[in-house]
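Derivation of every value follows stated rules applied to the coordinates shown; laboratory data play no part. Given the structure is predicted, the values throughout are model-derived calculations rather than measurements. Cβ coordinates were reconstructed from backbone atoms using ideal geometry, including for glycine residues, and neighbour counts include every protein chain displayed.
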Amino acid sequence: MKGHPVHDALRFSSTLLAGSLAGMELASWAVVHPAVARLSHIEQVHAEKALYRRFAQIQAPQMAFTITLAGVTAAASEGSARTFAAVATGCFAGMLVLTFAGNMPINVAILRWEEPGDPARWQQLRRRWDRIHTLRILLDTGGFALLLAACLEP
């Protein structure tokens, strides 16, 4: 129901939050982690530990709120906008499942990493984390695009 102030505000807010999440994830993938990968092994360990702590403080609530707000937007919408928002909610839920099942166990292993540790094992963990993160970015970006589509619906 485009034109209703509450529905417009929901669509706008969920899209803005989803765009912020997708952008943050994409920036970490394209800028932050490649730069960290160029550091020495022990510098990587220190940098990744610091990054994980910081991202956990910001992204955990942002992920939960993004899924919630996208779901509320779907429930409050009609027609194609509802479908777009519902599928977007599914994308964000899938991203969260990948986060809990894939990235978080690796994050915990890295936070518990005993220095200096085995550099080969470190690289193995990082490659797995990066592959899972890439899938998460695709889901986040897809969810964001779907919410944009919902905003364009009458």
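Being free of Cβ contacts under 8 Å to residues at least 24 places away in the same chain and either in a helix (DSSP H, G or I) or touching a strand residue (DSSP E or B) at 6+ places or on another chain (Cβ under 8 Å) (or both) is true for just one of LEU125, LEU98. Which residue is that? Break it down into steps so the answer makes sense when it comes.
On the way: LEU98 fails: free of Cβ contacts under 8 Å to residues at least 24 places away in the same chain.
Among LEU125, LEU98, only LEU125 is free of Cβ contacts under 8 Å to residues at least 24 places away in the same chain and either in a helix (DSSP H, G or I) or touching a strand residue (DSSP E or B) at 6+ places or on another chain (Cβ under 8 Å) (or both).
Identify all residues within the stretch 27-40 that are part of a helix (DSSP H, G or I) and exposed (fewer than 15 other Cβ atoms within 10 Å of the Cβ); write none if there are none.
Initial filter on the stretch 27-40 (part of a helix (DSSP H, G or I)): 27-37.
Those that are part of a helix (DSSP H, G or I) and exposed (fewer than 15 other Cβ atoms within 10 Å of the Cβ): ALA27, ALA30, VAL31, PRO34, ALA35, ALA37.
Which one of the conditions (1) crowded, with 16+ Cβ neighbours inside 10 Å; (2) within 20 Å of the chain's Cα centre (by Cα) does THR68 fail to meet, given that it meets all the rest?
If we test THR68 against (1) crowded, with 16+ Cβ neighbours inside 10 Å; (2) within 20 Å of the chain's Cα centre (by Cα), just (1) comes out false.
Within the stretch 101-110, can one find any residue that is of a type in the set (Gly, Ala, Ser), farther than 26 Å from TYR52 by Cβ, surrounded by fewer than 19 Cβ atoms within 10 Å (Cβ to Cβ) and more than 11 Å from the chain's Cα centre (by Cα)?
Step one: of the stretch 101-110, the residues of a type in the set (Gly, Ala, Ser) are 101-102, 109.
From what's left, farther than 26 Å from TYR52 by Cβ: none.
For the stretch 101-110, residues of a type in the set (Gly, Ala, Ser), farther than 26 Å from TYR52 by Cβ, surrounded by fewer than 19 Cβ atoms within 10 Å (Cβ to Cβ) and more than 11 Å from the chain's Cα centre (by Cα): absent.
If you check PHE65 against the conditions, is it closer than 20 Å to ASN103 by Cβ and either in a loop (DSSP other than H, G, I, E, B) or aromatic (Phe, Trp, Tyr) (or both)? Write out each step before concluding.
Details: closer than 20 Å to ASN103 by Cβ: yes; either in a loop (DSSP other than H, G, I, E, B) or aromatic (Phe, Trp, Tyr) (or both): yes.
Yes, satisfied.
Pick out the one residue from TRP122, TRP129 that is more than 16 Å from the chain's Cα centre (by Cα), of a type in the set (Phe, Trp, Tyr) and surrounded by 15 or more Cβ atoms within 10 Å (Cβ to Cβ). Give the steps one after another, and end with the answer.
Details: TRP129 fails: more than 16 Å from the chain's Cα centre (by Cα).
Every option except TRP122 fails the conditions.
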